[in-house]
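Report on the following structure.
None of the figures in this text is laboratory data; all of them are computed from the coordinates on show. Just so it is clear, the model here is predicted, and its values are computed rather than measured. Virtual Cβ from ideal backbone geometry, glycine too; neighbours counted across all protein chains shown.
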Amino acid sequence: MDEQQVVAAFVEEHELTCDPAYRILDLAAEVGEIAADATKSSKWGADPEALDVKSDEIGDALFSLLAVANALDVDADDALDEALEKYRARIHQSGSASSKTETDFDT
């Protein structure tokens, strides 16, 4: 994934290398900002049609996720391919991409 290499070069150029644990915390914070945009714009879910998430927040989360992948020496393309194959298998077996079964929702 070219984007992963761009993030790696940016992190190296600007001396932003850090422990993977910090990268994961940053990712959680960035995803939280997406949730905050969604929560506020939809009035805490009361007006779902008004939902609005700023594209730069999605970009921040993507940057953070690719930085996590780099910090953990994970190829993002390979990881995405693995996830898609997992979802395809679930859909083929159960008709749903969810890892939850109907009985999981009952507990």
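Descriptive notes on the structure:
- Legend: Rg and Dmax of the stretch 45-92, from Cα coordinates, 15.3, 41 Å.
- CD proxy at 222 nm, helix term only [per DSSP H run n ≥ 4: -39500 (n - 2.57); per residue of the chain; nearest 500]: -23000 deg cm²/dmol
- Neighbour-limited loop hits for trypsin sites (Lys or Arg not before Pro), the stretch 1-53 (at most 16 other Cβ within 10 Å; DSSP other than H, G, I, E, B): K43
- Note on the chain: with charges restricted to the Cβ of Lys and Arg (+1) and Asp and Glu (-1), its dipole about the Cα centre is near 540 debye.
- Within the same chain, aspartates and glutamates fewer than 8 places from K54 are excluded, and of the rest, those with a Cα less than 17 Å from its Cα are E30, E33, D37.
- Spacing of the two label points (7 Å from each Cα toward its C-beta) at R88 and D2, in nm: 2.4 nm
- Counted charge near L65, where neighbours are those whose Cβ lies closer than 11 Å (Asp, Glu -1; Lys, Arg +1): -3
- Span-like helix check, the chain: qualifying full DSSP H segments, with Cα axial length of 18 Å or more and mean Kyte-Doolittle of -0.5 or more, are 20-41, 55-71.
- Cα lying deepest toward the dipole's positive end in the chain, options A9, G45, G32, charges on Cβ: G45
- Per-q log10 I(q)/I(0), the chain, q = 0.14, 0.20 Å⁻¹ (Debye; single scatterer per alpha-carbon; no solvent): -0.79, -1.07
- Cross-link reach is defined here as a Cα-Cα straight distance under 15 Å, omitting same-chain residues fewer than 8 places apart; for K86 the aspartates and glutamates meeting it are D77, D78.
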